[in-house]
Amino acid sequence: MTADAGLPRDCYLSPSAGDGRPPLSEIFSALEPLLPAGWRQIEVATQPAPSGGSLPIRAYVNAEPVDAVLIGGIHGREPAGALAMARYVPRLVERGGSLGLLLMPLLNPWGYLHHIRYGPSGASVSDSDHLLGHRPSPACPEAAAITAFVMNGVRIRPGAAVLDLHEDPVYEAPDYQFEGSGSYIYVTGKGAMAHPASRRVRDCLDRSRLPLVREGVTRFGERLADGVIVDTADGSIDELLARRVGCSPVITVENLLHAPDSPPLAQRVEVYLDVMEAFFGAPGEELPCAPHSS
Ligand SMILES: [Zn+2]
């Protein structure tokens with residue numbers, strides 16, 4: 001029996017998303033080696049499973065204060081980040097030897113299972129508008145729990161770097177036109193554009209099979225400047241981490257999807273594995289860390 005013997009049976013089904021994504025159970029089991037390596041697993045929130053029971057929204061922390069945060073799976077039609085993080089676990093164990101890391105690989109398992117952008121209540125699971133002064137109360141229960149966790153449930157140091165792996169499923173909004181294919185990034189936080197990790201991620205994408213799209217306008221009306229959107233204010237958890245926790249750089253990666261499998265999911269996962277290596281840096285250029293107390 002594994003630690004996940006209690007997962008609802010939906011977790012063992014292959015979602016019919018059209019991109020070949022694996023069952024949720026495969027992601028959860030790929031993360032299990034973090035625990036014997038000394039990482040703490042926290043159940044931040046849950047979502048209802050269709051067949052009864054609940055789908056866990058989990059975070060993993062190896063040491064505090066946290067020097068770097070990895071986020072994936074916020075939107076259900078954007079699986080590449082969560083899958084890449086699951087595959088990156090052996091490297092995370094190594095990276096965690098010198099860094100305090102917070103991993104939140106799959107913040108919307110319900111969306112992953114159903115191939116739907118938002119959570120069951122129709123809102124973004126990590127919407128942070130209530131803590132950014134834009135709305136009086138959390139958009140949904142997951143947003144309340146996830147934002148409370150990053151603000152109060154874990155010690156993230158100011159200046160910690162953040163990588164949030166999204167994708168941009170152009171096809172999910174019928175009136176959204178974005179020609180071309182490839183990637184783009186958001187970079188947020190004090191001095192974030194000048195940070196070596198921002199440059200490394202940007203260069204990595206530009207050399208990848210999903211090179212930077214130089215110009216265009218996203219469905220949210222943001223204009224790309226040479227593949228980058230700087231300091232956006234979108235009410236996301238990325239904005240929260242930059243503005244309320246002092247994280248920098250906060251790097252959000254997107255790649256343009258014109259269908260669930262175009263470009264192929266396997267290719268997107270490979271690119272995101274390279275992006276994580278670039279984010280952390282090669283020997284001699286790694287992310288800086290603070291002294292750890294736990
Ligand atoms: Zn997204």
I need the full set of residues from region 73-106 which are among the basic types (Lys, Arg) and in contact with a strand residue (DSSP E or B) (Cβ under 6 Å, 6 or more places away or on another chain), in order please. Arg77
If I filter region 243-289 down to residues being more than 16 Å from the ligand (Cβ to nearest atom) and of a type in the set (S, T, N, Q), which single residue comes out as farthest from Val150 (Cα to Cα)? Ser262
Under the condition of being in contact with a strand residue (DSSP E or B) (Cβ under 6 Å, 6 or more places away or on another chain) and among the charged types (D, E, K, R), which residue from region 1-44 is surrounded by the most Cβ atoms within 10 Å (Cβ to Cβ)? Arg40
Please enumerate the residues belonging to region 117-139 that are of a type in the set (A, V, I, L, M, F, W, C), away from the ligand (no atom under 14 Å from the Cβ) and surrounded by 21 or more Cβ atoms within 10 Å (Cβ to Cβ). Leu131, Ala139
Residue pairs, Cβ under 7 Å, 6 or more apart or interchain, first in region 166-185 and in contact (Cβ under 8 Å) with a residue 24 or more places away in the chain and in a loop (DSSP other than H, G, I, E, B), second of a type in the set (Ser, Thr, Tyr) and within 13 Å of the ligand (Cβ to nearest atom). List them. His166/Thr252
Name every residue in region 201-221 that is surrounded by fewer than 20 Cβ atoms within 10 Å (Cβ to Cβ) and either of a type in the set (Lys, Arg) or modelled with pLDDT under 95 (or both), in order of residue number. Arg207, Arg209, Arg214, Glu215, Gly216, Val217, Thr218, Arg219, Phe220, Gly221
I'd like to check something: does region 150-160 contain any residue that is out of contact with any strand residue (DSSP E or B) (no Cβ under 9 Å at 6 or more places or on another chain), assigned to a helix (DSSP H, G or I) and surrounded by fewer than 21 Cβ atoms within 10 Å (Cβ to Cβ)? yes
List every residue pair whose Cβ atoms sit under 6 Å apart, with the two residues 6 or more apart in sequence or on different chains, where the first one lies in region 230-255 and is of a type in the set (Ser, Thr, Tyr) and the second, anywhere, is away from the ligand (no atom under 11 Å from the Cβ) and assigned to a helix (DSSP H, G or I). Ser248/Ala192
Are there any pairs with C-beta distances below 6 angstrom linking a residue in region 264-281 that is within 24 Å of Ser248 (Cα to Cα) and small (Gly, Ala, Ser) to a residue that is buried (at least 22 other Cβ atoms within 10 Å of the Cβ) and modelled with pLDDT of 95 or more, with the two at least 6 apart or on different chains, and if so which? Ala278/Val201
Is it fair to say Glu239 is more than 13 Å from the ligand (Cβ to nearest atom), within 22 Å of Arg58 (Cα to Cα), surrounded by 15 or more Cβ atoms within 10 Å (Cβ to Cβ) and under 18 Å from the mean Cα position of the chain (by Cα)? yes
Exclusive hit being touching a residue at least 60 places away in the same chain (Cβ under 8 Å) and either more than 23 Å from Val69 (Cα to Cα) or charged (D, E, K, R) (or both), set Arg209, Arg199: Arg209
When you scan region 140-163, how many residues do you find that are touching a residue at least 24 places away in the same chain (Cβ under 8 Å), small (Gly, Ala, Ser) and either within 27 Å of Ala278 (Cα to Cα) or within 16 Å of the ligand (Cβ to nearest atom) (or both)? 3
Of all residues being away from the ligand (no atom under 13 Å from the Cβ) and touching a strand residue (DSSP E or B) at 6+ places or on another chain (Cβ under 8 Å) in region 164-182, which is modelled with the lowest pLDDT? Just the residue, please. Gly180
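The values are calculated or read from the model by the stated rules, or taken from the named source; none is laboratory data. Remember, it's a predicted structure, so these values are computed and weren't measured experimentally. Note that each Cβ is placed from the backbone with ideal geometry, even for glycine, and that neighbours are counted across all protein chains shown.
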